[in-house]
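See structure below.
Each value in this text was obtained by applying a stated rule to the coordinates, not by laboratory testing. Computed from a predicted structure; not experimentally measured. All Cβ positions, glycine included, derive from the backbone under ideal geometry; neighbour counts span all protein chains shown.
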Amino acid sequence: MEKIPYDLILEIQRKVNIVDVIGEYLPLEQKGKNYFAICPFHDDHNPSMSISPEKQIYTCFVCGASGNVFNFIMNYDNISFTEAVIKVAEKVGINIDVKNKLPSKKVDDVNKKFYDMFDLANKYYQNNIKSIYGKSAIKYLHDRMIDDDIINTFEIGLSMNDNNISKLLTNKGFDKNDLIDIGLCGIKDNFVYDVFRNRIMFPLYNTLGQVVGFSGRIYNGEADSKYVNSKESIIFKKGMLLYNYHRALQSARDERKIIVVEGFMDVIRLYTIGIKNVVATMGTAITKEHAELIKKLSKNVVLCFDGDKAGEKATKSALEALEKIGINPKIIRLENDLDPDDYIIKKGKEAYLNHLNNAMSSLEFKIDVNKSNTDFNDYQNVSNYLNDITKDLRKIKDKVVYELTINKISKETGVSVDTINGLVKEIPKNEVKIIDKRKQIKKDKYEKAEEYLVHYMLRSVGAITLYQNKVSYLSNKTLSMIAMQILEFYEKNGYINTTDFTLFLEDKTSLINETLRIDDLKLPCEINDDVINDYINTIDEGLIKKEIENIKNKISNETNVAKKVVLLEKLRSLKKKECK
């Protein structure tokens, strides 16, 4: 694959602000001149990732993840460095012609046969619905206001009242035991049969858009269960997938918002009214994996679960999962216990859009839920209600919103504003302190001298020149590689700065992380050649000491007298150097 020229990468980087880009992915909070976020690269609960608009780099003070804007997108979206550069280039209107030059997606070879099974089954079902046998299924969908474009977009199909899937796939060479394990077929009295029969088929996808399961719906008024769903399998785990994720990815970024619903039919219904930035949990509670996937789509999340009590419970659970990773979603609660699918059919597009445009905050939702469960004639109930909501009142940063909320609660409960303020202030706001928890290893003066030298090489052409002329070797392999890369960067570009140097390193994550750690060392800004020479002399001293220890070990293990004499001579020579 052809590399993108460094000069073009540099041009793209200088046209974007890393704060704006990371802000599209994560909620940011400004503290002084930097911004902070919950780190997405480890299980973080307090904001430990710092984003520097001055240096255009990010650094996590816990796990050590660090880099430039391209490294962030590469690691967050799990794509190549080249793909990340192209993605950022699109944001600034720079077109990079790399057609047919990007690597193909990694193929999951172990499970490829299962993906192939579902792919063939999906194509077969789609052919069925477009045949003469699919007329009544098409009519049912049209009556449900699902048109042909939507049918094609979501690859909706039809299973027949036969066992053709089992026949088709076994004839293609697939093992019947695999068909049973994956949930496409069942077995009874040694007879293999299709699990899905005479149902409208909705394919379920993983995050890459591969079919990993189906949901089959009755459509002729049969007495069977309304839906039959694929069982969980090696490639299908509902707790780790969001329906429509692969389609919603771009539209969520474009709209800077993602809507989360419960069922795949809710997603399809929203598509019929032009809303495409939507995913579904497929009826399961939001898991940690769901929350992380949602965060990758947008920091602006709207939860729109079913309007009944079960939907309220699911919303509370989702709030808890999302707040743990720094997301404060907005909430839509639909009246008459309706789900989004039925609501739009019965109330129409405008009614739903009105809800969407006036979604309540998570605080409003919590207050409403607590209020509905409180008997305001019972003083203890009122006390419990106030103690519950004060936890959330402490999180309000907007003084106007805080005052309006406090006044409203005061009128509802009959408790004075002063008393409620007192409850809020009982536990003061905890200031989040950013503590550098990156592993600190005790180092001797020789190791420190190597780090300090590389630190100043990132800042000073003079330090680079002295290194080039006087240093032959660094004992730390990573620092040695960074130093060689600095020399190469300087020779090609005639200057040095850390941000541009990290661009030069492209996807060398371990070198970038170590470079930014060294760059962040708290050392004096001003330095002269004498100090750099002191570091170099210390490094040389350390190398001599190591060589002396190495030769001493060889002497103690050497049995050949002649060889031992040679080693002793080397040892004397090194000791003379050490004493100089």
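Between region 293-312 and region 374-391, the C-alpha centres lie 27 angstrom from each other.
When the trypsin sites (Lys or Arg not before Pro) in region 383-419 are filtered for DSSP coil states and for at most 10 other beta-carbon atoms within 10 Å of their beta-carbon, the remaining sites are K397. Here the residues E450, E514, E549, E541, ranked from fewest to most Cβ neighbours within 10 Å of their Cβ, fall in the order E549, E541, E514, E450. Taking Cα centre as origin and charging only the Cβ of basic (Lys, Arg, +1) and acidic (Asp, Glu, -1) residues, the dipole magnitude of region 6-91 rounds to 260 debye. Rounded, prolate or oblate: pick one for region 1-97, where a ≥ b ≥ c are the square roots of the eigenvalues of its C-alpha gyration tensor, a/c under 1.5 means rounded, and failing that, prolate if a/b is larger than b/c, else oblate. Here region 1-97 falls in the prolate category. When the Cα positions of V417, A463, A351 are compared along the charge dipole of the chain, A463 comes out farthest toward the positive end, with charges on each C-beta of Lys, Arg, Asp and Glu. By definition, a body whose alpha carbon gyration tensor gives a ≥ b ≥ c is oblate when a/c is 1.5 or more and a/b is not larger than b/c, and region 282-440 fits this oblate description. For region 445-579, a crude dipole built from +1 on the beta carbon of Lys and Arg and -1 on the beta carbon of Asp and Glu, taken about the Cα centre, is about 940 debye to the nearest 20. Under 14 Å of direct C-alpha separation, and excluding same-chain neighbours fewer than eight residues apart, K130 reaches these aspartates and glutamates: D147, D148, D149, E155. By other beta-carbon atoms within 10 Å, ranking V382, V261 with the fewest at the front produces V382, V261. Annotation: amide H-H contacts under 5 Å for V415 (H modelled 1.01 Å from N, sequence separation of 5 or more, or interchain): none. Each residue of region 246-256 is assigned a 3J(HN,Hα), and the resulting list reads 5, 7, 6, 3, 6, 5, 5, 5, 5, 7, 6 Hz, derived from the Karplus form 6.51 cos²θ - 1.76 cosθ + 1.60 (θ = phi - 60°), x at Gly and Pro.
Look at the Cα gyration tensor of region 240-364: its axes a ≥ b ≥ c give a/c under 1.5, and that counts as rounded. Residue order for M117, M484, M265, M49, fewest other beta carbons within 10 angstrom first, comes to M484, M265, M117, M49.
In a DSSP loop and with at most 16 other Cβ atoms within 10 Å, the trypsin sites (Lys or Arg not before Pro) in region 250-352 are R256, K324. If you take the Cα centroid of region 451-497 and the Cα centroid of region 121-138, the two points sit 66 Å apart.
One entry in [x] 321; [y] 152; [z] 264 is volume of the Cα convex hull per residue in Å³ calculated from the shown coordinates; its label is [z]. Only Lys, Arg, Asp and Glu carry charge here, each on its Cβ (+1 for the first two, -1 for the last two); on that basis the chain has a dipole of about 1320 debye about its Cα centre.
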